[in-house]
Amino acid sequence: MTSSIVSVSKETRVFPPPGEFAAAARVGSLEAYTAMYRRSIDDPAGFWGEQAAELFWFDAPKTIRQWDPPKARWFEGGTTNLAYNCLDRHVAAGAGDRTALIWEGEPGEVRRVSYAELLRETCRCADALRKLGIAAGDRVVIYMGMVPEAVIAMLACARIGAVHSVIFGGFASDAVRDRVNDAGAKLIITQDGAWRRGKIVPLWDNVEHALRSCPSVEHTVVLRRTGNPITLSPGRDVEWTDALATASSQLEAVPLPAEHPLFILYTSGTTGKPKGVMHTTGGYMVGAHVTTKYVFDLHDDDIYWCTADIGWVTGHSYIVYGPLCNRATVLMYEGAPNHPDVDRLWEMIARHRVTIFYTAPTAIRAFIRWGDEHPRKHDLSSLRLLGSVGEPINPEAWMWYRDVIGGGRCPIVDTWWQTETGAIMMAPLPGAIAAKPGSCTLPFFGIVPKILRQDGTEAAPNEGGFLVIEQPWPSMLRTVWGDDERFRETYFSRFPGKYFTGDGARRDPDGYFWVMGRVDDVVNVAGHRLGTAEIESVLVAHPDVAEAAVVGRPDELKGQALVAFVTLKAGRAPTDAVREALAEHVSAEIGKFARPDSIRFADALPKTRSGKIMRRLLGELATGQAPRGDVTTLEDISVLAALRGDDE
């Protein structure tokens, strides 16, 4: 076995920033990026102090950075309030009439909420929370769909210093219970139900079931959205409209220390005790603000749409806090991308004249599978920038995104970051850095990534290894809630003094980074340690394939054998000839050692509601096991039954 991860990617295409885009960009050349990046590394206190000064502080920070690995502290001595920076600051500057949110419900209704209206409703919600006994430091769980009130609830918590923990609306009652109890939440904000593909997700029923085992919860606030019948308990449960009816629309934001906890967000995919990533106010605020401004090159006339759910960190940083700190106009959509038809998103882009569109590779591959004719029915000419988030994007999906959605004219910002990092860590600044399909390119300001071998030495160019971050950054997690030892063990024990991302990556001779997926998704085949993401990219590059997932199963001869689960494009038939052609394609592109031992066709792959493929389940299926552990986060449980029935 080698000590590094074998990289098989052969991508050579390069796309410089369009001249017209670069001319108007906040950072318009590679030279400008390089100068800012060098400053951020050589003088981090000076650089981040200047960035923080763009925001409002009740008391200015006295110390910018303190670093005693693994503990970081940023902007010590400073007091601020994130809700104030998202709302009051803009209203005070005369922008109260500017649209903050354009919200569209799945049934089709549209609401436009100005910054002044959002401020008033946030104050009312914050006052209601105070009257229900919530004070700074108390934990509040938010378990809602994609409605404006969810944003208001988050901002209301930030306004009074309550620590919010948003739980994704796709989680079932047991997952809600575990997260509520781990956080010790005093209050839950939820809905009667949420719309999803024309059906009601029973959020209140899940909360009510969870509450049987949540002794810390004193009250719930319930928003009526779908009108499905629910039963509330007087004294404990209160309706949103009743709670806010007598609340004040003017409530001063509480000055909070920079290191005051802002939110806890539980990472998905674990089968054991929930892992609550904890972020603090000042550092997270600065990180979200600066990355949003530069990575998305935000301008006053932009209509910005991130398709994530606020239950994930992408929704926290790039629907709520980052864009609102930058006085953006944010489009927010409640429902599924294929309801009532598969062209729903493209129709919305055309109707709302969206200029910036940020989505996940798994969604892009679904769009490819549904067919090019759907986006081509709509006028997407308003788009000027595209973004990708959530996992490495395979080059062929990148090219489709650029050509079909972006019309060949829009730069793509392929962003790499994590729940734990709080903000984008690597991405091409769209006016400055040439893009390579499948690469997150160069680090953002202040970020020092390295690729290490197992023994901690630095990998050579194009040698795969373990991705670490050497220096602290403002928006980094501070701990795992209630478990400092788990924080140290998970992120700082493998390479002491350095943050271990859990991802494999390589760095090409141009200094560009290529993330190869989780190191947990590395398979050992005949002495080769292969990142499954690159094999999947090769499969998706075949003209018949829309999506692929590769896992390993035990093999006495090779150590592990490769099993590929493949979804074909519309109109392609899953035949033995196609199976053989795909196996030969992998052999030709990578080598015979990477040829899948088994290729199984599927109409769909098992995914969470956030769009991530559940490779753990595929690995169990590949070895003939029944899926174990929690499957409640699956988007469609019937996918598993269909895969179990596939005998090749």
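The values are calculated or read from the model by the stated rules, or taken from the named source; none is laboratory data. For clarity, every value in this text was computed on a predicted model and none was experimentally measured. Here the Cβ positions follow ideal geometry from the backbone for every residue, glycine too, while neighbour counts run over all protein chains shown.
The residue that is modelled with the lowest pLDDT, counting only those in region 252-273 that are touching a helix residue (DSSP H, G or I) at 6+ places or on another chain (Cβ under 6 Å) and either surrounded by 21 or more Cβ atoms within 10 Å (Cβ to Cβ) or aromatic (Phe, Trp, Tyr) (or both), is 266.
Of all residues in region 94-108, those that are more than 19 Å from residue 310 (Cβ to Cβ) and either surrounded by 19 or more Cβ atoms within 10 Å (Cβ to Cβ) or acidic (Asp, Glu) (or both) total 1. Answer yes or no: is there a residue in region 482-497 that is assigned to a strand (DSSP E or B) and not hydroxyl-bearing (Ser, Thr, Tyr). No, region 482-497 contains no residue that is assigned to a strand (DSSP E or B) and not hydroxyl-bearing (Ser, Thr, Tyr). Can you find a residue in region 511-518 that is at pLDDT 90 or above, more than 16 Å from residue 586 (Cβ to Cβ) and part of a loop (DSSP other than H, G, I, E, B)? Yes, region 511-518 has at least one match. Selection within region 446-471: residues that are touching a residue at least 12 places away in the same chain (Cβ under 8 Å) and small (Gly, Ala, Ser). The member of this set that is nearest to residue 45 (Cα to Cα) is 446. State the number of residues belonging to region 450-481 that are assigned to a loop (DSSP other than H, G, I, E, B), more than 23 Å from residue 277 (Cβ to Cβ) and of a type outside the set (S, T, N, Q). Residues in region 450-481 being assigned to a loop (DSSP other than H, G, I, E, B), more than 23 Å from residue 277 (Cβ to Cβ) and of a type outside the set (S, T, N, Q): 7 in total.
Out of the residues in region 171-193 meeting the condition of being in a helix (DSSP H, G or I) and at pLDDT 95 or above, tell me which one is surrounded by the fewest Cβ atoms within 10 Å (Cβ to Cβ). In this case the residue turns out to be 181.
If you filter region 345-371 down to residues that are surrounded by fewer than 18 Cβ atoms within 10 Å (Cβ to Cβ) and at pLDDT 95 or above, you find that the one that is nearest to residue 106 (Cα to Cα) is 347.
Kindly check whether there is at least one residue in region 373-389 that is surrounded by 23 or more Cβ atoms within 10 Å (Cβ to Cβ) and assigned to a loop (DSSP other than H, G, I, E, B).
Yes; the residues of region 373-389 include at least one that is surrounded by 23 or more Cβ atoms within 10 Å (Cβ to Cβ) and assigned to a loop (DSSP other than H, G, I, E, B).
The sole residue among 309, 297 that is within 29 Å of residue 196 (Cα to Cα), touching a Lys or Arg at 6+ places or on another chain (Cβ under 8 Å) and not small (Gly, Ala, Ser) is 309. The residue list 423, 397 contains one member that is over 25 Å from residue 549 (Cα atoms), in contact (Cβ under 8 Å) with a residue 40 or more places away in the chain and either crowded, with 23+ Cβ neighbours inside 10 Å or not hydroxyl-bearing (Ser, Thr, Tyr) (or both), which is 423. Within region 384-439, restricting attention to residues that are touching a Ser or Thr at 6+ places or on another chain (Cβ under 6 Å) and among the aliphatic types (A, V, I, L, M), the residue that is nearest to residue 14 (Cα to Cα) is 433. Number of residues in region 426-454 that are modelled with pLDDT under 95 and over 18 Å from residue 507 (Cα atoms) equals 0. Among the residues of region 600-616, those that are at pLDDT 80 or above and farther than 14 Å from residue 532 by Cβ comprise 600, 601, 602, 603, 604, 606.
Condition check ((1) more than 20 Å from residue 366 (Cα to Cα); (2) touching a Lys or Arg at 6+ places or on another chain (Cβ under 8 Å); (3) in the same structural domain as residue 360 (by TED's automatic domain parsing)) across all residues:
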residue: 576; (1), (2), (3): yes, no, no
residue: 579; (1), (2), (3): yes, no, no
residue: 593; (1), (2), (3): yes, no, no
residue: 599; (1), (2), (3): no, yes, no
residue: 602; (1), (2), (3): no, no, no
residue: 606; (1), (2), (3): no, no, no
residue: 612; (1), (2), (3): no, no, no
residue: 619; (1), (2), (3): yes, yes, no
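Applying the criterion of being surrounded by fewer than 18 Cβ atoms within 10 Å (Cβ to Cβ) and touching a helix residue (DSSP H, G or I) at 6+ places or on another chain (Cβ under 9 Å) to the residues of region 20-34, the residue that is nearest to residue 159 (Cα to Cα) is 26. Looking across region 35-91 at every residue that is over 27 Å from the mean Cα position of the chain (by Cα) and among the hydroxyl-bearing types (Ser, Thr, Tyr), the one that is surrounded by the fewest Cβ atoms within 10 Å (Cβ to Cβ) is identified as 63. In summary, residue 288 fulfils each of the numbered conditions (1) surrounded by 24 or more Cβ atoms within 10 Å (Cβ to Cβ); (2) touching an Asp or Glu at 6+ places or on another chain (Cβ under 9 Å) with the single exception of condition (2).
Of the residues 132, 119, which is over 22 Å from residue 333 (Cβ atoms), in contact with a helix residue (DSSP H, G or I) (Cβ under 9 Å, 6 or more places away or on another chain) and surrounded by fewer than 24 Cβ atoms within 10 Å (Cβ to Cβ)?
Numbers: 119 fails: surrounded by fewer than 24 Cβ atoms within 10 Å (Cβ to Cβ).
Within the list 132, 119, the selection yields 132.
Put simply, of 230, 200 the only residue that is more than 31 Å from the chain's Cα centre (by Cα) and either assigned by TED's automatic domain parsing to the domain that holds residue 145 or among the polar types (S, T, N, Q) (or both) is 230. Residue 341: outside any strand (DSSP E or B), at positive phi and in the same structural domain as residue 443 (by TED's automatic domain parsing), yes or no? Considered against the rule, which asks whether it is outside any strand (DSSP E or B), at positive phi and in the same structural domain as residue 443 (by TED's automatic domain parsing), residue 341 comes out as no. Pairing residues of region 58-84 that are within 13 Å of residue 475 (Cα to Cα) with residues that are part of a loop (DSSP other than H, G, I, E, B) and among the aliphatic types (A, V, I, L, M), at Cβ distances under 7 Å and at least 6 apart in sequence or on separate chains, gives 72/476; 74/258; 75/258.
When region 120-151 is examined, which residues are found to be in contact with a strand residue (DSSP E or B) (Cβ under 9 Å, 6 or more places away or on another chain) and part of a helix (DSSP H, G or I)? Passing the criteria: 121, 125, 128, 129, 148, 149, 150, 151.
Scanning region 220-234 for residues that are closer than 16 Å to residue 128 by Cβ and surrounded by fewer than 19 Cβ atoms within 10 Å (Cβ to Cβ) returns 224, 232. So for region 432-446 (the condition being touching a Phe, Trp or Tyr at 6+ places or on another chain (Cβ under 8 Å), more than 23 Å from residue 536 (Cα to Cα) and in a strand (DSSP E or B)), does at least one residue qualify? Yes: region 432-446 contains one or more residues that are touching a Phe, Trp or Tyr at 6+ places or on another chain (Cβ under 8 Å), more than 23 Å from residue 536 (Cα to Cα) and in a strand (DSSP E or B).
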